[in-house]
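Below is one structure; the comments refer to it alone.
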Amino acid sequence: MKSIRLIVIPFMVLCSSVSAQSAVAVPKAKEASDDKINVFDMKRKMQDQSKQIQSLTKEVNNVEVTLGLNNKKYLKLAEERAKIEESLTSARRNADFDSESLKKNYSQTKTLLMGVLLNKLENTENSSDMLARKIMIDKLQRRLADLDGMMKTNKNYQNDVDSLYAKLQESMSTEKELLSVMGELEEKRRQLRTSLADQTKNNADAKTKFDEEKNKLAMNSKAQQREKERERLAPVQITEEIKIPSQPAVTSPAAAAQGLASGEFLPPIYSYQGMDYQKKGVTFNFHGKNEVRATKAGKIVYTGALANYGNVLMIDHGGDTRTVLLGQFDYAVKNGDAVKDGQIVGYTNPRNTNGLSEGKIYFEVRKNNLAQNTYLLLDKKSLAKNSN
């Protein structure tokens, strides 16, 4: 059976020559400086947005507290108004108790009393008539006194009616003003909540972009450090040949010639502390034991070990596209196994006694036996979501 000779270039040797690096050293330094300025500016804007969010949140809370207090005040006013209306109804009932009849009765009684008194002056009476008249006069005077008292009481009731009515009008006016204020507060709270939601979304978007830029800056910084170290030491390229059995074509020549899409591959580990990348593969830094997953559906075509760099796992995805995993992990599959997108194919292993130290896994996408810019092909949402 024919075989294909594939050269895997791990970790420290995925770079151009020292002379090429030196030629672009100044532009890279300027680019890194610009990136730092950009990150600091983004951080400052995020801090300003966070302050605005805190201010808006505080203002919303204050409006809600004020609304709550006004609502309690309104309920109390409504309760007091109900009591006033009840008292007003009772006072009106008492004040309207035959007021005109009392006045008429008082006038008639007074006229009758005057007639009796005048009759006494005009007629000559005996003792029996005088006694009867005296009794009538006393009775009419008492009746007048009773009617006068009833009229005064009725007047007091009328005063109560007027006072309660004034209170009712004042209470209704206060309620109307309070309802107007509460309506304005409700509208202000709605506007503040809308602004708060917009600011929160903008801040979340800014934070996502900031994390991406910060991660990029950190990786560029590490890359520059490695560049300096490689310039100090003679660059050593460690390569090893892996003979992989050729596979029957699974796609048409037209499909095989097509390029790879951005975001086509998932990261091989879902929990990592950082990553390094250049123009070819990506190195993921991990901590402890983690699941290693297939970045895309395919078939296992190679499992083995590579010098001091750990185990090797290669998956054929068809269309002359393969992915290579190299590093500190133990594979849980064998040659010929078909794997699905995201399927567990192994577990990281830092090779120590407690299983908690740090380790690295190198991941590379190869098309037509050429290493691709793997970082551009990774799903960025999964990278951002799973980074620690």
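Taking other Cβ within 10 Å of each residue's Cβ, how do LEU376, LEU75, LEU140 sort, fewest first? Don't skip to the end; give the middle numbers.
Values: LEU376 16, LEU75 10, LEU140 19.
Fewest to most other Cβ atoms nearby, the residues stand as LEU75, LEU376, LEU140.
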SER87 paired with SER173, simple spin-label distance in nm, labels 7 Å along Cα-to-beta-carbon: 1.8
Highest average packing first - 177-190, 323-336, 300-313, Cβ atoms within 10 Å: 323-336, 300-313, 177-190
For HIS317, HIS287, order by how many other beta-carbon atoms lie within 10 Å, fewest first: HIS287, HIS317
Proximal lysines to LYS103, defined as alpha-carbon separation beneath 30 angstrom and excluding residues fewer than eight positions away on the same chain: LYS120, LYS134, LYS139, LYS152, LYS155, LYS167
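What FRET efficiency, computed as 1/(1 + (r/R0)^6) with R0 = 25 Å and r the Cβ-Cβ distance, is obtained for LYS279 and ALA305, rounded to the nearest 0.05? Spell out each step's value before the answer.
On the way: r = 26 Å, r/R0 = 1.05.
About 0.45, to the nearest 0.05.
Quick note: the coordinates plus some simple rules give every number you see, no bench work behind them. Every value quoted in this text rests on a predicted model; they were computed, and no experiment measured them. As a convention, Cβ positions derive from the backbone with ideal geometry for all residues, glycine included, and neighbour counts pool all protein chains shown.
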